[in-house]
Amino acid sequence: METSKRILSLLLQRGVLIAVFLLLWWYAAGRLPSFVLPGPERVFYAFNGLVHSATFLHDLGATMGRVFSGFVLATLIGTPLGLALGSSRALARFFEPILAVLNTVSSAIWAIFAIIWFGISDATTIFVVFMTAMPLILTNVWQGAQTVERQFIDLARSFRMSRWQILVKISLPSILPYFFSGARLAFGFGWRVSLVAETLGASDGIGYRLRQAADLVQSDQVFAWTLLLVALMLLLEAGVLKPLERWLFRWKTPSR
Amino acid sequence: METSKRILSLLLQRGVLIAVFLLLWWYAAGRLPSFVLPGPERVFYAFNGLVHSATFLHDLGATMGRVFSGFVLATLIGTPLGLALGSSRALARFFEPILAVLNTVSSAIWAIFAIIWFGISDATTIFVVFMTAMPLILTNVWQGAQTVERQFIDLARSFRMSRWQILVKISLPSILPYFFSGARLAFGFGWRVSLVAETLGASDGIGYRLRQAADLVQSDQVFAWTLLLVALMLLLEAGVLKPLERWLFRWKTPSR
Amino acid sequence: AEKVRIGYWTSGVSLGYGSVLESKDFLAERGIDAEFVHFPDVNAPMRALAAGSIDLAFGAPLAGVFSTAAEGVPVKIFAATQPADVQFVVPEDSSIESLDELRGKKIGMSPAGSSVAVIASAVLAGNYGIGSNDFSLVGGNESRLAQFLVQKQVDGAALRSVTIAQLGDELKVKRLGSFAEEWRKLTDSDSVPYIGVGAVNAGLVDEHPETVARVIAALRDTLAWGEAHPDEVVSILQSSANLPEHDARVYVGQWNAMNRVAFEPEDIETLKRQHQVFADSGLIRGELDDSLFATQPYAQAEQLR
Amino acid sequence: MNAPSSLAVAVPALSLKDIGKHFDGLEALRGISLDVAKGEIVALLGTSGCGKSTLLNIVSGLLPADRGELRIDGQPASSFRDWRQIAYMFQEDRLLPWRSIRANVAFGLEAQRSRRAERIIKAEEALRLVELEGFARAWPHQLSGGMRSRVALARSLVVEPQILLMDEPFSKLDPQTRAQMHQELLRLQRLKNITVVFVTHDVEEAVVLADRVVVLEPRPGRIRAIKPLDLARPRIPTDLAVSEQVRQLRMAL
Amino acid sequence: MNAPSSLAVAVPALSLKDIGKHFDGLEALRGISLDVAKGEIVALLGTSGCGKSTLLNIVSGLLPADRGELRIDGQPASSFRDWRQIAYMFQEDRLLPWRSIRANVAFGLEAQRSRRAERIIKAEEALRLVELEGFARAWPHQLSGGMRSRVALARSLVVEPQILLMDEPFSKLDPQTRAQMHQELLRLQRLKNITVVFVTHDVEEAVVLADRVVVLEPRPGRIRAIKPLDLARPRIPTDLAVSEQVRQLRMAL
Ligand SMILES: Nc1ncnc2c1ncn2[C@@H]1O[C@H](COP(=O)(O)OP(=O)(O)OP(=O)(O)O)[C@@H](O)[C@H]1O
Ligand SMILES: Nc1ncnc2c1ncn2[C@@H]1O[C@H](COP(=O)(O)OP(=O)(O)OP(=O)(O)O)[C@@H](O)[C@H]1O
Ligand SMILES: O=[N+]([O-])[O-]
Ligand SMILES: [Mg+2]
Ligand SMILES: [Mg+2]
């Protein structure tokens, strides 16, 4: 009873949120030319057209593939690097400026480099996603590694656990919340910069289509793509991330 | 003796890093046309020209002003919002999807909205910086707020501290590391998206000049601007953030 | 003096002309109190026009103007200002000798959907039977296209003449043809296709055609002055656009090929034909309404000579 | 000296009536009824996990009881306003790692609007009381377990409470230091007529300090016995009367 | 029963020679020399902050000494390989909050490559030993302080160490539970002939459990006295011989 009630109230809240949003949108769109701010019907119409267009699945697949590849690469490389920096001060001191540089260079500049190195290929977008996502994951893991409780490490050391065991049994669980928020950010930004990269160094994918639509002043398509991306992200959040998080952190003291 | 030795070794490391970087650059540039990858001399020459150009200070000031305004706004709004979400589950549940949306929508889309609302003005870039930086700060503060030790809050409650006092004396110090990494990220991304925004909705500033240089095939200027941004960021990191961080977190157990 | 807010794209072909217009006072001499707004994006002037933050734009992208108008935004064209000064090129050492050999090849050009891309597709299809599925279009801005050529990422490209001249030392290319020639062949006329036009808020042109006429006169003055004073134009470009001298000279060398203030019947005819081509390619939607072309100011400007 | 019996007619400082508490399936407390007179010292004894900390959490107002009634100074807890009279020393030391030792001690004073200079003076005085005057500027992680627990004690005492709740306050101290702390506590308690409720596992400590001993029984936590200790003060552990009481109480457990 | 004297000629399980340790300006230990025979039980007593935990940290190999020599089973600590024989129960419980109680107990077993099923069986057995069999699936934050400390005890015992270091292992337990834990510990110790060094503030506990008592003196931490306890086992606190020893030791402190 309790939970079903809560779910109902949640659905209601969400419904209200969406309704308010649509209303505002519809009102604003009515007062602006549609190529500046297309109204909901127009965008849904464009959305429909999009989904049924011949290249839709191809573009979606291309972008998703690139984002996922870049993200997975970033995770595989950023996590161990973050752990390494967290465990060695000398290493950290040496790499700190590199990280600051990585965090300053805009994705457009990475895209320019990527095109030089990889030409027009999937690798260009993957590289840009990687260069954006990797520092995010690395930074968070590193920060998490610095907060691992000395007491717990000493506990593991008292049982003569190997460095690897300490990593797996103490550091990783402690870092997990940090990693999680880093990965979430990295994925979000990976999505976004993939679009930037695709406008420069790809001949398909969502970014390419978005740019095309923008250049043609087809605002309804721009909004339709944006809507699609938001929907996908919400799905990922509600379908994968939230449940996973709830399960992983079930041991946390619920605040009274 | 000890410290001066360490500083020397650090300087040496940094020097080596820079030398390796320059050498690689110089080598690569020698094998590519200069409009694809301009060599170091060319870029330094362009850099010099840039710094002495009439609009340099104006452009730099304009961009910095926008980034700082957006960042400060993001901090002022993101921090309390993050604290609020951290302290109320109902609020968090309600706002979660909004946050996911904010984290998905690309800066280019925000720029389009901003131009609709604010036209070509400082507000456009500030808005885009804000929309990128605010969720970053909010997310980190929120995550930090969830890790505030229940035990410490109960301690403060046992002294009948007000909600405000608990916030200032327990929550804020606990959240500070999270806030710090969030703010660092937010500032980095704020920089970067300000450039995107300025390529769309400004008629001065670094992003505007970058876009101009890129569209006019002046690669040396693109690289010179990039170099400048990196240098500024390194300065900020080494001159402000690191010392501040070291002081703020001086109480941490140094790892043996 | 009448206040007119004028916007233009400052990082593309309209930069040189705009800089001169802004730093000389031909507009003031014609009784126009101009306020300039700079846009780093080619389509931004159209958005600004629609949002009412400028009154008038020159060098506005043609496809953008057509589709904006089709959306019902009250804008009108008062002159053609930028001819498509674009060339088909291949790397110097390429085995490709003529345009019909581009079938099945990768061709770089402004992103799909831009005016340049549509014109290029139209002439390739019309003159050589190379349909849009017979080649693959690689999109990018000028520097990216030049890079792709060097890196052999593309087999050929449609590049602006000014880019080719600017990168002459480092980018060795072979010319296969120009838009002007190919358009002539395609349309059997003497006109050149345009990529940029002057667009104006409909309210302004309907109520105060004489204001627009005076702007047109000033534009014409600027064009003539620039042609006559190349050295001064070079220094203006150097100071206001950060252009190195070499690049500035290249720009000035292309002055007449890049800039125009024309709205004769044959120009309007060309624009209509371009609309047809754009519409056939699916690039824009909607019918062309003749009232889009506001000819009155241009005619009035003739009197202001 | 305040003999509790002489105050029985007065309003009790603390009054618990039929307090009960569940954690999910686990019944932690059931039917706890107890009056504590003003100035009285009550020791709580009981096996591990029988609900002693839970009871203190409830009395301190941090944890709501599921049922029953709590009155402080005669007022129902819900309408009681002067909670700052109550200080609670937790079972864990709960030192804030980002504060120096002195700032940790001064923490509770910050709830009241006292001046900074005054807070520092009071904190240093309290540190002297627990014999840690040399560590005012140290960080918590530089202290030993017993030292940390004394800092926590100083933090509770410095606010000059009327009611003092303490959860195993001296368990980490050696006998000598512990005896000194007992003396200090009793001195302050007598001076200000403080009401004290504390948890201990040390029967001798209970006998030396308390006016009454309350023994809890586990699962669910109930009161098994309430034992008044009518011994003269000061009580020396080696005194025969005292050690006899200790022996009796041990037997009873 | 292993009388320590009979083993004096054998190689000591632990041998400390002139151990010293500084923390920045503070001299925590100076000239600590001590041999602990195999199967011997040694109690460490001393005032708060005198260096007991620091000494255990050094013996466990977690903290390097500044000077002096540590030998385990006759080998210098630097070349000693079989550290897994040593278990260390810290002063704090150090339960991993993300592990269930059972998984916390099994933690030490994971260092050895034992099978999962076997680990579970051993952990549950150890939980039974400390009388927490019902809480195998609970999370640490759901346990009381004394329960947590018993989980930490179970975690140390489950790895079947040859040498057991314990820092105030029973300080959070009530007398009854404590006595039970004493029994269990002694049973195991006798069974496996474990060498035990433990810190306590409870003189009676020291007398009941230890073969020798080592008293430390603070600032800098030095050995003040080493007192052998030649009492028959089992030792009952209420026995006269035992309580006489307790009294004597108290006096000495
Ligand atoms: N990491 C550290 N940094 C600085 N000083 C320390 C550190 N650890 C311990 N000390 C100091 O060393 C001394 C001995 O500490 P230790 O923890 O060994 O005491 P202890 O005998 O275990 O005391 P207790 O009975 O209170 O636990 C104390 O004065 C303490 O302040
Ligand atoms: N937050 C909680 N969630 C679930 N169970 C809890 C919680 N806090 C306490 N308990 C349970 O309530 C019972 C009483 O706990 P409490 O901490 O009051 O014991 P205690 O008498 O203080 O024991 P100790 O002497 O070991 O500190 C225990 O069985 C414990 O497992
Ligand atoms: O780095 N970004 O351009 O978002
Ligand atoms: Mg307790
Ligand atoms: Mg200790």
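The values are calculated or read from the model by the stated rules, or taken from the named source; none is laboratory data. Only a predicted model underlies this, so the values are computations on that prediction, with no experimental measurement involved. Positions of Cβ are generated from backbone atoms using ideal geometry, with glycine treated the same way; all protein chains shown enter the neighbour counts. Please note that ligands, DNA and RNA were not included when accessible areas were found on the heavy atoms of the full protein model with its side chains. Shrake-Rupley method; radii C 1.70, N 1.55, O 1.52, S 1.80 Å.
Of all residue pairs spaced 6 or more apart or on separate chains, those with beta-carbon atoms under 9 Å, a first member in segment B:99-122 that is of a type in the set (D, E, K, R) and a second member that is part of a helix (DSSP H, G or I) and within 16 Å of ligand 3 (Cβ to nearest atom) are B:ASP122/B:ARG66.
Of the residues making up segment E:161-199, those that are more than 9 Å from every other protein chain (Cβ to nearest Cβ) and among the polar types (S, T, N, Q) are E:GLN162, E:GLN180, E:GLN183, E:GLN189, E:ASN193, E:THR195. Looking only at segment A:142-158, filter to residues that are open to solvent by less than 10 Å² (accessible area, probe 1.4 Å) and touching a helix residue (DSSP H, G or I) at 6+ places or on another chain (Cβ under 6 Å); which one of those is farthest from the other protein chains (Cβ to nearest Cβ)? So, considering only residues that are open to solvent by less than 10 Å² (accessible area, probe 1.4 Å) and touching a helix residue (DSSP H, G or I) at 6+ places or on another chain (Cβ under 6 Å), the one farthest from the other protein chains (Cβ to nearest Cβ) is A:GLY144. The residue that is nearest to ligand 2 (Cβ to nearest atom), among those in segment E:13-35 that are surrounded by fewer than 21 Cβ atoms within 10 Å (Cβ to Cβ) and under 21 Å from E:PHE80 (Cβ atoms), is E:LEU34. Picking from residues in segment B:173-182 that are within 10 Å of another protein chain (Cβ to nearest Cβ) and hydrophobic (A, V, I, L, M, F, W, C), the one that is farthest from A:LEU99 (Cα to Cα) is B:LEU176. Looking across segment B:1-40, not a single residue is in contact (Cβ under 8 Å) with a residue 40 or more places away in the chain and of a type in the set (Asp, Glu). Just one of the listed residues (D:ALA65, D:ALA43) is away from ligand 2 (no atom under 12 Å from the Cβ) and closer than 20 Å to D:PHE170 by Cβ, namely D:ALA43.
Scanning segment C:266-305 for residues that are of a type in the set (Phe, Trp, Tyr) and over 18 Å from C:GLU71 (Cα atoms) yields a total of 1. Across segment B:183-232, which residue is farthest from ligand 5 (Cβ to nearest atom) among those that are within 11 Å of chain C (Cβ to nearest Cβ) and hydroxyl-bearing (Ser, Thr, Tyr)? Filtering segment B:183-232 for residues that are within 11 Å of chain C (Cβ to nearest Cβ) and hydroxyl-bearing (Ser, Thr, Tyr), the one farthest from ligand 5 (Cβ to nearest atom) comes out as B:SER203. Here A:VAL43 meets the list (1) within 14 Å of chain B (Cβ to nearest Cβ); (2) of a type outside the set (S, T, N, Q); (3) touching a helix residue (DSSP H, G or I) at 6+ places or on another chain (Cβ under 6 Å); (4) over 30 Å from C:ALA50 (Cα atoms) almost entirely, failing just condition (4). For segment A:174-221, residues that are closer than 19 Å to C:ALA117 by Cβ, open to solvent by less than 10 Å² (accessible area, probe 1.4 Å) and part of a helix (DSSP H, G or I) total 4. Going residue by residue through segment C:137-145, is there one that turns out to be surrounded by fewer than 23 Cβ atoms within 10 Å (Cβ to Cβ), within 12 Å of another protein chain (Cβ to nearest Cβ) and without any contact (Cβ under 8 Å) to a residue 24 or more places away in the chain? Yes, the conditions are met somewhere in segment C:137-145. Counting only residues that are in contact with a helix residue (DSSP H, G or I) (Cβ under 6 Å, 6 or more places away or on another chain), modelled with pLDDT under 90 and not polar (S, T, N, Q), segment C:163-178 holds 3 of them.
Of everything in segment A:120-153 that is assigned to a loop (DSSP other than H, G, I, E, B) and not aliphatic (A, V, I, L, M), the residue that is nearest to ligand 4 (Cβ to nearest atom) is A:GLU149. For segment B:141-153, the condition of being closer than 30 Å to A:ASP154 by Cβ, aromatic (Phe, Trp, Tyr), modelled with pLDDT of 85 or more and over 21 Å from the mean Cα position of the chain (by Cα) holds for at least one residue. Within segment A:117-126, the set of residues being open to solvent by 20 Å² or more (accessible area, probe 1.4 Å) and either of a type outside the set (A, V, I, L, M) or facing chain B (nearest Cβ under 10 Å) (or both) comprises A:TRP117, A:PHE118, A:SER121, A:ASP122. Is one or more of the residues making up segment A:29-51 open to solvent by less than 70 Å² (accessible area, probe 1.4 Å), in contact with a Leu (Cβ under 6 Å, 6 or more places away or on another chain) and at pLDDT below 85? Yes, because at least one residue in segment A:29-51 is open to solvent by less than 70 Å² (accessible area, probe 1.4 Å), in contact with a Leu (Cβ under 6 Å, 6 or more places away or on another chain) and at pLDDT below 85. Residues considered: A:THR139, A:THR132, A:THR104. Of these, the only one that is over 15 Å from B:MET233 (Cβ atoms), away from ligand 5 (no atom under 16 Å from the Cβ) and buried (at least 22 other Cβ atoms within 10 Å of the Cβ) is A:THR132. Take E:SER114 and tell me if it is within 11 Å of chain D (Cβ to nearest Cβ) and in contact with a Lys or Arg (Cβ under 9 Å, 6 or more places away or on another chain). No; evaluated as a whole, the condition is false for this residue. Pairs please, first residue from segment E:131-147 and more than 9 Å from chain D (Cβ to nearest Cβ), second anywhere and within 16 Å of ligand 5 (Cβ to nearest atom), Cβ atoms under 9 Å, 6+ apart in sequence or on different chains. Close Cβ pairs satisfying both conditions: E:PRO140/E:ASP93. Filtering segment E:132-170 to residues that are among the acidic types (Asp, Glu) and more than 16 Å from ligand 4 (Cβ to nearest atom) leaves E:GLU133, E:GLU160, E:ASP167. Summed over segment C:162-181, the residues that are open to solvent by less than 10 Å² (accessible area, probe 1.4 Å) and away from chain B (no Cβ under 13 Å) give a count of 2.
Residues checked against (1) open to solvent by less than 20 Å² (accessible area, probe 1.4 Å); (2) within 16 Å of ligand 2 (Cβ to nearest atom); (3) hydrophobic (A, V, I, L, M, F, W, C):
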site: D:ARG113; (1), (2), (3): no, no, no
site: D:GLU118; (1), (2), (3): no, no, no
site: D:ALA126; (1), (2), (3): yes, no, yes
site: D:TRP139; (1), (2), (3): no, no, yes
site: D:LEU165; (1), (2), (3): yes, yes, yes
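Scanning segment D:155-178 for residues that are within 16 Å of ligand 1 (Cβ to nearest atom) and either closer than 14 Å to D:GLN85 by Cβ or touching a residue at least 40 places away in the same chain (Cβ under 8 Å) (or both) turns up D:GLU168, D:PRO169, D:THR177.
On the given criteria, is E:ASP167 within 21 Å of D:GLN176 (Cα to Cα) and of a type in the set (Asp, Glu)? Yes. Of all residues in segment D:212-238, those satisfying the criterion of being open to solvent by less than 70 Å² (accessible area, probe 1.4 Å), away from ligand 4 (no atom under 16 Å from the Cβ) and not hydrophobic (A, V, I, L, M, F, W, C) are D:ARG212, D:LYS227, D:ARG233, D:ARG235, D:PRO237.
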